[in-house]
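Read the structure below first, then the notes.
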Amino acid sequence: MTFTIERTANPTDAATLARILENPGFGKVFTDHMVTIRWTEGQGWHDAKVTARVPFALDPAAAVLHYAQEIFEGMKAYRAADGGVTLFRPDANAKRFRDSGSRMAMPLIPEELFLEAVEQLVRIDQAWIPGGEGGSLYIRPFMFANEAFLGVRPASEYVFCVIACPVGAYFKGGAKAITIWAPENYTRAAPGGTGAAKCGGNYAASLIAQLEASKHGCDQVVFLDAAEHRWIEELGGMNVFFVRDDGSLLTPPLSGTILPGITRDSIIQLARSLGHTVVEQPYSLAQWKEDAATGRVREAFACGTAAVLAPIGTVRTAEGDFVIGNGEGGSTTASLRERLVGMQRGTQAPLVDGWIRRVI
Ligand code: PLP
Ligand code: COI
């Protein structure tokens with residue numbers, strides 16, 4: 001498909017951009033352009049465009065505003081040491097986007113078209129990629145139903161769009177250990193539901209628990225399973241790993257209710273390559289508390305594109321806190337993080353050929 005390219009008439013000036021890139025925060029400032037591709041029943045994908053980033057004109061009856069038929073992805077572009085630009089495993093995001101689309105009864109965008117759209121945006125807005133340590137361009141491909149129709153059925157028209165924002169650390173404390181909240185009354189996803197899809201509705205449903213977490217001074221929520229409210233699933237926007245005293249790693253299995261994280265999969269492969277045993281098995285909050293007390297679990301960390309790898313220092317529940325290790329993270333988390341970041345930023349060789357895709 002050919003993309004029409006119309007550069008913005010009002011590009012951000014160099015001085016403003018330099019000021020933004022010094023301290024971009026997370027998800028607050030957006031680049032000058034966006035990519036859109038439309039899908040219409042009977043016609044399929046069409047009208048691929050790179051344009052200035054502008055608001056959408058949406059009919060008030062657009063299906064997404066009523067029934068939340070929406071999916072998204074999260075990925076990052078990195079500035080390589082030689083000035084080039086790379087993506088980390090973008091094919092995995094393209095595939096997961098299709099899996100999410102399937103679950104939400106949406107049209108499936110071909111992987112190559114998804115990748116081309118992402119690369120078009122990265123190329124046109126490459127000046128927005130922070131060069132400093134820890135900075136990257138966070139890319140947000142998403143798709144929503146824009147047919148004006150209030151009957152409850154899959155829409156017949158969709159918009160696929162890619163926007164991007166320069167980002168630094170996701171958590172305000174940077175690489176410091178985070179505190180997580182285990183809510184008593186909220187779950188994120190149930191068997192048969194949409195937990196494994198990256199759809200906006202999952203995040204809407206998680207916000208009240210995140211608010212509760214903030215009120216308790218916590219950075220994130222750790223969700224337990226919906227059926228027994230016992231088994232650890234994942235955090236609001238990250239997967240979770242536990243490091244045991246024998247050096248082995250444990251992470252909850254992909255049961256259908258958690259997001260199959262690309263960072264999670266990369267860490268599993270990376271840890272195994274470094275000689276760690278990694279098991280994917282159910283693990284309860286009660287067991288975690290006991291293992292933290294006895295020292296059986298020495299470290300725990302959250303992982304995801306936005307968060308990278310964040311050590312978990314303290315778990316807060318209605319009954320009180322428990323601390324993991326010394327409360328500040330540990331050496332296994334630090335070395336996995338260093339190796340992952342090294343690969344992503346091109347200072348270390350990728351574990352698997354093909355994990356790094358060069359855009360520029
Ligand atoms: N779990 C949830 C709920 C997420 O939103 C994310 C972030 O994308 C992850 C896990 C981690 O996934 P990934 O490593 O692919 O970014
Ligand atoms: C990501 O890591 O890409 C996510 O979508 C998670 C969100 C908390 C920003």
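The values are calculated or read from the model by the stated rules, or taken from the named source; none is laboratory data. As the structure is a prediction and not an experimental result, all values here were calculated from the model. Methodologically, a virtual Cβ is constructed for each residue, glycine included, from the backbone with ideal geometry; neighbour enumeration extends over all protein chains shown. These accessible areas exclude ligands, DNA and RNA; they are computed on the full protein's heavy atoms, side chains included. Shrake-Rupley method; radii C 1.70, N 1.55, O 1.52, S 1.80 Å.
Round to the nearest 10 and give me the degree value, 0 to 90, for the angle of helix 90-103's Cα axis relative to the longest principal axis of the chain.
Tilt of helix 90-103: around 90 degrees.
In region 254-356, which GluC sites (Glu not before Pro) fall in coil by DSSP and have 11 or fewer other Cβ atoms within 10 Å? List each step's numbers first, then the result.
Details: sites: 280, 290, 299, 319, 328, 338; in loops: 319, 328.
Taking region 254-356 and a limit of 11 other Cβ atoms within 10 Å, the loop GluC sites (Glu not before Pro) found are 319.
With each pseudo-label sitting 7 Å past Cα toward Cβ, what's the residue 26-residue 215 distance in nm, one decimal?
Once both label points are built, they end up 2.2 nm from each other.
Peptides 218-228, 5-15: what's the order by average Cβ count within 10 Å, highest mean first?
The most tightly packed comes first, giving 218-228, 5-15.
Let me spell out the model: positive unit charges on the Cβ of Lys and Arg, negative unit charges on the Cβ of Asp and Glu, origin at the Cα centre of the chain. What dipole size does that give, in debye rounded to 20?
That gives the chain a dipole magnitude of about 420 debye.
Restricting attention to region 127-226, which trypsin sites (Lys or Arg not before Pro) occupy a DSSP loop and are surrounded by at most 12 other Cβ atoms within 10 Å?
172
Skipping prolines and chain starts, which residues have an amide H placed within reach, meaning under 5 Å, of the one on residue 312, given they are 5 or more residues away or on another chain?
Under 5 Å from the amide H of residue 312 lie the amide H atoms of 178, 300, 301, 302, each far enough along the sequence or on another chain.
Quick one: Cα convex hull volume of the chain, Å³ per residue?
Per-residue hull volume (Cα only) is 139 Å³.
Relative contact order, percent, of region 241-280 when contacts are C-alpha pairs under 8 Å separated by at least 6 residues?
The normalised contact order for region 241-280 reaches 48 percent.
Taking only C-alpha pairs under 8 Å that are 6+ residues apart, what is the relative contact order of region 178-345 in percent? If you can, show how the numbers build up before the last one.
Numbers: 329 pairs, mean separation 39.7, N = 168.
Value for region 178-345: 24 percent.
How far is it, in nm, from the label point at residue 150 to the one at residue 269 when both lie 7 Å from their Cα along the line to the Cβ?
Distance between label points: 4.8 nm.
What accessible area per residue, rounded to a whole number of Å², is obtained for the chain using a probe radius of 1.4 Å?
Heavy-atom accessible area per residue stands at 43 Å².
As I understand it, the value is the acute angle between the Cα axis of helix 111-124 and the longest principal axis of the Cα atoms of the chain; what does it come to in degrees, rounded to 10?
Once rounded, one gets 80 degrees.
For n ≥ 4 DSSP H runs only, could you compute -39500 (n - 2.57) per run for the chain, divide by its residues and tell me the 222 nm figure to the nearest 500?
Mean residue ellipticity at 222 nm (helix-derived): -8000 deg cm²/dmol.
Stretch residue 190-residue 277 to full length: gain in nm at 0.36 nm per residue minus the Cα-Cα span?
Answer, rounded to one decimal: 28.4 nm.
Using 1/(1 + (r/R0)^6) with R0 = 30 angstrom and r between the beta carbons of residue 341 and residue 230, what's the FRET efficiency to the nearest 0.05?
It comes out at approximately 0.35.
Can you give me the relative contact order of the chain as a percent, contacts being Cα pairs under 8 Å and 6 or more apart?
Computed value for the chain: 18 percent relative contact order.
Sorting check: for 248-255, 29-36, 78-85, which peptide has the highest mean count of neighbouring beta carbons within 10 Å, and how do the rest follow? Spell out each step's value before the answer.
Working: 248-255: 18.8, 29-36: 21.1, 78-85: 14.5.
Result, highest mean first: 29-36, 248-255, 78-85.
Could you please state how large a percent of the accessible area of the chain is carbon and sulfur, counting protein chains only and using a 1.4 Å probe?
The C+S portion of the solvent-accessible surface of the chain is 51 percent.
Could you work out, for region 4-167, what percent of all Cα-Cα pairs fall into each 5 Å distance bin, beginning at 0 Å and stopping at the bin that holds the largest distance?
With a bin width of 5 Å, the distribution comes to 1, 9, 18, 20, 20, 15, 10, 6, 2, 1, 0.
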